[in-house]
1. (1) out of contact with any strand residue (DSSP E or B) (no Cβ under 8 Å at 6 or more places or on another chain); (2) under 30 Å from residue C:11 (Cα atoms); (3) within 14 Å of chain A (Cβ to nearest Cβ): which one isn't true of residue C:67, the others all being true?
2. Quick one: in the stretch C:61-79, which of the residues that are crowded, with 18+ Cβ neighbours inside 10 Å, in contact (Cβ under 8 Å) with a residue 24 or more places away in the chain and not in a helix (DSSP H, G or I) is farthest from the chain's Cα centre (by Cα)?
3. Going by what's in this entry, would residue B:193 be described as more than 14 Å from every other protein chain (Cβ to nearest Cβ) and either in contact with a strand residue (DSSP E or B) (Cβ under 7 Å, 6 or more places away or on another chain) or surrounded by 23 or more Cβ atoms within 10 Å (Cβ to Cβ) (or both)?
4. Is it the case that residue C:56 is surrounded by 15 or more Cβ atoms within 10 Å (Cβ to Cβ), farther than 30 Å from residue C:272 by Cα and either in contact (Cβ under 8 Å) with a residue 60 or more places away in the chain or out of contact with any strand residue (DSSP E or B) (no Cβ under 7 Å at 6 or more places or on another chain) (or both)?
5. So for the stretch C:294-312 (the condition being assigned to a strand (DSSP E or B) and either over 22 Å from residue B:218 (Cα atoms) or in contact with a helix residue (DSSP H, G or I) (Cβ under 7 Å, 6 or more places away or on another chain) (or both)), does at least one residue qualify?
6. Just checking, how many residues over the stretch B:296-321 are touching a residue at least 24 places away in the same chain (Cβ under 8 Å) and facing another protein chain (nearest Cβ under 9 Å)?
7. Among the residues of the stretch C:130-163, how many are in a loop (DSSP other than H, G, I, E, B), buried (at least 18 other Cβ atoms within 10 Å of the Cβ) and touching a strand residue (DSSP E or B) at 6+ places or on another chain (Cβ under 9 Å)?
8. Within the stretch C:332-378, how many residues are within 8 Å of chain B (Cβ to nearest Cβ) and in a helix (DSSP H, G or I)?
């Protein structure tokens, strides 16, 4: 024993937070029909801008707002690209990832003169964001399955034409939830910054993609997606303690391998929204 | 005509990307003319600049080809990064383990790299064709599996940790090295570039001059018509993914044998991701990929020159690249503007 | 006479290159079932989509309760009390009945949460009132087609529909459920709703409707009270008396060699529902056999099953005496059975490919186009394509042009050239002239007759009765996946075939 102490579970919650934010955002986005693999870059942008604004304003709150704001902006760009310009969702997301990575190296050089890292900046207590995440998970679960807006969202992703004939604006809905996804990714980035006290280009390090993995494993539902994120966070926390026993490399692989198994359908049917990734072309009218 | 139109779209996208890049340059207080001057000089100004461009372009060429061949069958291989890493590792392994005569050794190493990448491409191809698993998620996930796998292999606890303080393998034998094209020097392109161009030509031949390539393109353009024409769609998809993996693996092998001469953890700064950009800028054409890779290599090489000259940080070039890609993936943007203009005209409203 | 619900005046709807509605007037009254009758493409659905706000009319005015109204989205239509049950249901299979019904029109409590008990209660009330037997908690994908349709009807009523449009409600409905639907429609009528019943089935229209309006090619042919109309009169209004050009169809003696034989062939459609039901059919040399039938009675599936694109459930397909059941499309073509597919844009051609590339679709491994597995001769392909273009009079700038840039008629010529040049024993032609202009139709007809002259067996599936009557040596009629009759064109007329297609009594003349 000894390893399985309370602070292991607490550490796991902390490590799960950015993953869960992304998983939550991607759940909303994909439920409405938009795939966004740009979440990795969006979270990075959130961390970068959060750190920059906090550094200059000396206000971590302004930094937080800026992180959410830049996330929403990237979510909006992604939505415009996917919904109106009918760009492919996957490549649009990949483009955002590449762009933000470049911007991160560039801006850190411009602002601090170091390639890829920032100076320390004032932070909020990261636990604030951890509990925000937990609250948002619960609210999202209710929102998605117990409210009219959640119902409309699900119909837009499953059968956009049915939504359209029921008087729901498919385009606006998709753009809206893409922006929400961006905001949540911004929060993921904000957490990473507030957790470390500075920005570093490697700080997202695939957590955006693991967020997508958590969403897949959680089968497009907020609470299960959070549980998957928590599992990944737990494994992460555990491997830090077991480094000498088993190589960390293998435990880190778990989210990825698990996602592939889920996607292959070995664990039963997935709730993939029927119209995911397909542009809705409203007939001329 | 078609070529001109495609070039036009790419040209406008590149111009838009560089235009927005110029705005960012100016907004951050750097001199736009100076940056662009250094960029061009660093990339094409002299033989060393161009050599640097070619060196940077080599791995991107392979991953661009990898992305586009899967794209041609209608699938997204966004896991070229992992295929490249595995290919690089296995090429290195063959390079320091097998004892073979010079040229044969290189060929065998390249083959090992391609085979490892192919295996890593087969998995998502099979999962997609037979189990309907989204290939863009599986390739992405497998990419990370490959990253951690190779990273473990060369880590202090791993079996191929070949250096006291760095996570890397032992050096490959000299018989396995891909020689540099010009006199010695780390920044010079190796024969890997020649292999890459050769592979691009072969890929072009395969896609446009063989029945199998024809089938792959037919499946990508119209699965129903392909089925009607007697194509086994699942087989075409798997084949394309295997080839995509092999190309990326070959790229990893060429980079290791030609540039690093040993497998180093993290030797790829994201070549797999750059390949998505390269494949798209090339409009999924193998010969176009040569030029797309050169463009991206030029941005990298030019970026360094910008830095050296003290005009701006080199990473500005990366920002340019990101912007170019963002506009390349939105060809509708151009059509969109055109449509708005047409509609205005149709409604007899004056243009602003 | 009951009160006027909706009046549509001079509705014109133009799409690029097509006039779908050419100035149509229509009046709907409360407490009345109004039949909208016409063949496919007559403009019925477009007209009702205009009323439901899915399309904006190019010209014309709609009045609701005698007041002009502009319906520019379904949301407006719903708010105005207009409901529509689409032919393809607008239901999300994975959601419950209740969720599907209320989406966009939810009953909430505390302004935030779906009020499930009240929603369920309201659904049950409506369901009981009209005798629909809908379970609010069921998941839609587990319901039968008839049940899903009732869900759609309750959905419209839940939203307060006073005018209810039913778009081909019997098209996908099993026979035994039609009676129940009619009971529902009568109940709606008794409640004073204005009901529009879109159909191309005459007898149904006469059974359930008070007033019948007939459309043909986007124009209103007439509107008559159902009590005064006869099937024959409506058929004439529907199909018209268009004069078609004559083609040379000489008398030919068949050698009586059965080139295509189907024995007990059965297959299911994409949803797993039986679509082809024990079809026995033989087509001989020098013979064109026409398949008549209302769309959706299994013709598409029959063709796909014959050509190897759909696995049969049971039965046999023989080509010239050889059993070729469930072989791949490539095998079928190699054995002499070629296919002119009905969906030429998605099946027949790779639109982005050049004329030359499309000319060898299906023959990509044959010499001289392929040199083994690893070579392809552009020269042979180009030369062959140029030859085809010349022989079949395809009008193209060059064989490297993408077929997407060609007119519909020329696209079809490319397909015909490719398939017929293989000197087939059997030609399966599905809707070969749909959407073509007169010259294109004439060309296709000549080619099919040329095949017959050369001794091939031709199976012609068409919605166009004139085409079938002109070309066929024999006609079989498909209804609900079965062959329900066989006629020789010279012993019958369009009216009789029309009645058979609608599942009518066999003896009509």
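The values are calculated or read from the model by the stated rules, or taken from the named source; none is laboratory data. Computed from a predicted model, the values in this text were never measured in an experiment. All Cβ positions, even for glycine, are placed from backbone atoms using ideal geometry, and neighbour counts span all protein chains on display.
1. (3)
2. Across the stretch C:61-79, the extreme among qualifying residues is C:64.
3. Working: more than 14 Å from every other protein chain (Cβ to nearest Cβ): yes; either in contact with a strand residue (DSSP E or B) (Cβ under 7 Å, 6 or more places away or on another chain) or surrounded by 23 or more Cβ atoms within 10 Å (Cβ to Cβ) (or both): yes.
Yes, satisfied.
4. Working: surrounded by 15 or more Cβ atoms within 10 Å (Cβ to Cβ): no; farther than 30 Å from residue C:272 by Cα: yes; either in contact (Cβ under 8 Å) with a residue 60 or more places away in the chain or out of contact with any strand residue (DSSP E or B) (no Cβ under 7 Å at 6 or more places or on another chain) (or both): yes.
In short, no.
5. Residues of the stretch C:294-312 that are assigned to a strand (DSSP E or B), as a first pass: none.
Checked against the condition, which is being assigned to a strand (DSSP E or B) and either over 22 Å from residue B:218 (Cα atoms) or in contact with a helix residue (DSSP H, G or I) (Cβ under 7 Å, 6 or more places away or on another chain) (or both), the stretch C:294-312 yields no hits at all.
6. Initially, the stretch B:296-321 is screened for residues touching a residue at least 24 places away in the same chain (Cβ under 8 Å), giving B:296-306, B:308-309, B:311-312, B:316-317, B:319-321.
Restricting the remaining residues to those that are facing another protein chain (nearest Cβ under 9 Å) gives B:312, B:316-317, B:319-321.
Qualifying residue count, the stretch B:296-321: 6.
7. Going residue by residue through the stretch C:130-163, those that are in a loop (DSSP other than H, G, I, E, B) are C:130-138, C:143-144, C:159-162.
Okay, now just the ones that are also buried (at least 18 other Cβ atoms within 10 Å of the Cβ), so C:130, C:132, C:134, C:136, C:143, C:159, C:161-162.
This time we only want the ones that are touching a strand residue (DSSP E or B) at 6+ places or on another chain (Cβ under 9 Å), so: C:136, C:159, C:161-162.
The qualifying residues number 4.
8. 6
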